[in-house]
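The values are calculated or read from the model by the stated rules, or taken from the named source; none is laboratory data. Please read all numbers here as calculations on a predicted model, not as lab measurements. Every residue, glycine among them, receives a Cβ derived from its backbone with ideal geometry; neighbour counts consider all protein chains shown. Accessible surface areas use protein heavy atoms only, side chains included; no ligands, DNA or RNA. Shrake-Rupley method; radii C 1.70, N 1.55, O 1.52, S 1.80 Å.
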Amino acid sequence: MFRQTWNYTHFPTILRVTNKENVNGLLYRYRQVQDTVTNKQIGLMRLQFWKDSLDQLYKEAAPKQPVAMELGRAIHSKNLSRRWLTKLIEARERSLEEKAPMTVKAVEEYADCTSSAVMFLVLESVGIRDVHADHAASHLGKALGFTTLLRATPYHASLRKLNLPVEVLAKHKVSEEQVYRGSQEQEMKDAVFELASLAHQHLDKARSLSSSLPRPALSVFLPALVCDNYLTGLQRAHFNVFDAKLQQKAHLLPAKLWWKKLRGTY
């Protein structure tokens with residue numbers, strides 16, 4: 001459903017926030033399963049390896065694999081919850097089906113099991129267990145999910161694969177063929193606007209909770225800037241998701257992230 005465009009933005013952001021290479025090593029390998037595997041069965045085999053590895057890791061019997069060994073150290077030193085790691089693997093299994101999500105709710109559920117799960121793991125890795133932080137992380141994860149979905153649309157369209165929720169396309173009378181050919185017609189822009197608005201709603205909700213968060217948690221939510229940066233660009237492009245400028249790397253993003261971190265905002 002989502003694609004590797006997440007890596008340039010969200011993944012380095014998490015590295016800057018936590019410096020937890022052991023956890024991030026697994027996240028990188030986890031994303032590579034769909035990004036580099038063309039055979040579904042091979043992908044499922046790789047994911048089964050990580051499921052089996054989790055069984056061993058939580059029994060304090062790490063497999064002799066560098067990333068798994070480092071993950072084991074993180075699990076036991078930071079008491080990482082198994083459910084979030086399991087959700088990541090199971091969500092990736094489902095995504096190997098390469099089917100378009102039918103509804104907005106399906107996108108939100110997938111984001112909860114991926115982007116939000118990553119946020120929960122990062123919070124745990126820096127020692128934060130707080131109900132308000134979890135609430136904000138759930139909303140920011142959904143915002144990241146919608147943003148990643150939109151940013152990945154041109155890539156999927158180039159492969160003639162549909163990644164946008166079918167109910168939104170049907171509502172605005174957008175055909176699959178219009179998506180595949182990179183339509184810039186108004187109905188396509190209206191569908192994109194609806195999804196971008198949902199992303200913004202979740203982003204605004206995550207930010208509205210900032211005053212309730214423990215101060216050490218604030219830097220964990222820096223990926224909010226990733227959403228803001230893309231959604232602002234999309235608005236400038238008049239919600240033409242195929243505008244080439246939206247696929248360019250945000251070279252100022254690292255500096256903006258550090259500035260937000262210094263100010264204690266996101």
*How much length is gained if the chain between ASP134 and ARG83 is pulled fully straight, taking 0.36 nm per residue apart and subtracting their Cα-Cα distance, in nm to one decimal?*
16.9 nm
_With viscosity set to 1.306 mPa s at 10 °C, what whole-number translational diffusion coefficient in µm²/s follows for the chain from Stokes-Einstein and a Kirkwood radius over Cα pairs?_
84 µm²/s
*asked:* Please state the shape class of segment 226-266: rounded when a/c is under 1.5, otherwise prolate if a/b exceeds b/c and oblate if not, all from the C-alpha gyration tensor.
replied: prolate
*Report relative contact order for the chain in percent, whole number only (criteria: Cα-Cα under 8 Å, sequence separation at least 6).*
21 percent
*Based on the Cβ-Cβ distance from GLU97 to SER208, what FRET efficiency comes out when R0 is 41 Å, to the nearest 0.05?*
0.70
_Report the Cα-based extents of segment 143-266 along its three principal axes, largest first, to the nearest Å._
48, 28, 22
*In whole Hz, what ³J(HN,Hα) sequence does segment 100-113 give by Karplus (6.51, -1.76, 1.60; θ = phi - 60°), x for Gly and Pro?*
5, x, 7, 10, 4, 4, 5, 5, 5, 5, 5, 5, 4, 8
*Computed lengthening from GLU109 to LYS256, 0.36 nm per intervening residue step minus Cα-Cα distance*: 50.0 nm
*Heavy-atom accessible area per residue, segment 33-163, 1.4 Å probe: how many Å²?*
45 Å²
*Between ASN39 and GLN247, what is the spin-label point distance in nm, taking each point 7 Å from the Cα along the Cα→C-beta axis?*
2.9 nm
*So what's Rg/Rh here for segment 116-185, counting alpha carbon atoms and using the Kirkwood radius for Rh?*
1.18
*Kirkwood hydrodynamic radius of segment 34-137, Cα pairs, Å*: 14.9 Å
_Whole percent per 5 Å bin, from 0 to the bin with the longest distance: what is P(r) over all C-alpha pairs of segment 203-245?_
5, 20, 24, 17, 13, 10, 8, 4
*Estimated FRET transfer efficiency when R0 is 51 angstrom, pair GLN184-ARG73 (beta carbons, to 0.05)*: 0.55
_In the chain, if the dipole is taken from +1 on Lys/Arg beta carbons and -1 on Asp/Glu beta carbons about the Cα centre, which of LEU213, GLN201, GLN186 is farthest to the positive end?_
LEU213
*With +1 on each Lys and Arg Cβ and -1 on each Asp and Glu Cβ, and nothing else charged, work out how big the dipole of the chain is about its Cα centre, in Debye to the nearest 20.*
700 debye
*Sticking with the crude label model, points 7 Å out along Cα→Cβ, report the distance from GLN48 to GLU60 in nm, one decimal please.*
3.0 nm
_Highest mean first, how do 69-75, 144-150, 57-63 rank when packing is the count of other Cβ atoms within 10 Å averaged over residues?_
144-150, 69-75, 57-63
*Of LYS51/LYS87; LYS78/LYS261; LYS99/LYS249; LYS40/LYS99; LYS40/LYS161; LYS87/LYS142, those spanning more than 18 Å from alpha-carbon to alpha-carbon*: LYS78/LYS261; LYS99/LYS249
